[in-house]
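Working notes for the structure below.
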Amino acid sequence: MHQRFQRHLPRMLGGFVLLIVLEFLSSRPAQAQRVRPVWGQVVTEEDAVVSSGATIVVEMRDGQRSAEIRADSQGRFEIRGLFRQTYLMTVRAEGFHPQQVYLDLKDGVGPVTMRIVMHRAPSRKTASPLPALTDMSAPKNARKAFQKAVQALQANRLDEAREKFEKAIAAHPCYARALTGLASIQIAARDLDGAAANLQQAMRCDP
């Protein structure tokens with residue numbers, strides 16, 4: 001009995017391995033059909049390339065993030081691993097309004113190609129305010145950082161403006177206009193506690 005089992009064992013194992021291989025191969029097409037690649041390009045209204053490095057975020061309906069990538073210098077991007085369902089895609093680029101589009105991957109086969117058109121955001125032009133009392137006492141490097149922050153803010157480069165305002169405040173902690181400028185950016189970012197603290201500090205420095 002034992003010898004007979006040993007003779008049949010290779011045949012049994014071979015059949016078992018063959019069954020596993022067949023199941024694996026048969027499952028691959030089904031798994032491949034569950035995902036679809038997305039190729040696209042981010043352009044302006046004038047059909048020019050957005051070369052500033054657009055950020056693409058893909059979320060499911062419940063808000064769970066599925067992908068976040070950055071377009072290349074030609075505005076091109078590729079997203080893989082998305083399942084056959086509907087997503088919300090948000091595209092952001094410096095100097096442009098955010099763009100949101102629904103991405104429906106439920107129907108069709110093969111790659112999905114997209115062309116995202118971005119609309120330019122208007123420059124924030126503000127009149128030059130009169131010098132405050134703290135401007136006169138601020139050191140030169142603080143005033144220089146403040147001016148660069150204002151220029152960045154007018155060009156809608158909010159991250160750069162925040163950095164320069166913070167640099168001016170670091171050089172002169174009681175720089176009222178820099179504190180106010182930083183507060184305006186914090187309000188836009190919904191950091192209301194931080195904005196309130198900086199506005200209060202600005203009023204204390206320049207009542």
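The values are calculated or read from the model by the stated rules, or taken from the named source; none is laboratory data. If you're wondering where the values come from, they're calculated on a predicted model, not measured in any experiment. Methodologically, a virtual Cβ is constructed for each residue, glycine included, from the backbone with ideal geometry; neighbour enumeration extends over all protein chains shown.
Could we say that residue 113 is at pLDDT 90 or above and of a type in the set (S, T, N, Q) here?
Judged against the criteria, residue 113 is not a match.
Out of the residues in region 65-124 meeting the condition of being among the hydroxyl-bearing types (Ser, Thr, Tyr) and assigned by TED's automatic domain parsing to the domain that holds residue 51, tell me which one is nearest to residue 43 (Cα to Cα).
Out of the qualifying residues, it is 73.
I'd like the full set of residues that are surrounded by fewer than 17 Cβ atoms within 10 Å (Cβ to Cβ) and not in a helix (DSSP H, G or I), limited to region 175-205.
189, 190, 191
Can you run down the residue pairs with Cβ atoms below 7 Å, 6 or more apart or on separate chains, where the first is in region 90-101 and part of a loop (DSSP other than H, G, I, E, B) and the partner is among the small types (Gly, Ala, Ser) and modelled with pLDDT under 90?
That search, which allows pairs on different chains as well, returns 93/52; 94/52; 95/52; 95/121; 97/121.
Just wondering, is there one or more residues in region 24-37 that are closer than 25 Å to residue 118 by Cβ and either modelled with pLDDT under 90 or in contact with a helix residue (DSSP H, G or I) (Cβ under 7 Å, 6 or more places away or on another chain) (or both)? If you could, list the steps in order and put the result at the bottom.
Kept after step one, since they are closer than 25 Å to residue 118 by Cβ, are these residues of region 24-37: 36-37.
Next cut, either modelled with pLDDT under 90 or in contact with a helix residue (DSSP H, G or I) (Cβ under 7 Å, 6 or more places away or on another chain) (or both) only: 36-37.
Among the residues of region 24-37, at least one is closer than 25 Å to residue 118 by Cβ and either modelled with pLDDT under 90 or in contact with a helix residue (DSSP H, G or I) (Cβ under 7 Å, 6 or more places away or on another chain) (or both), which makes the answer yes.
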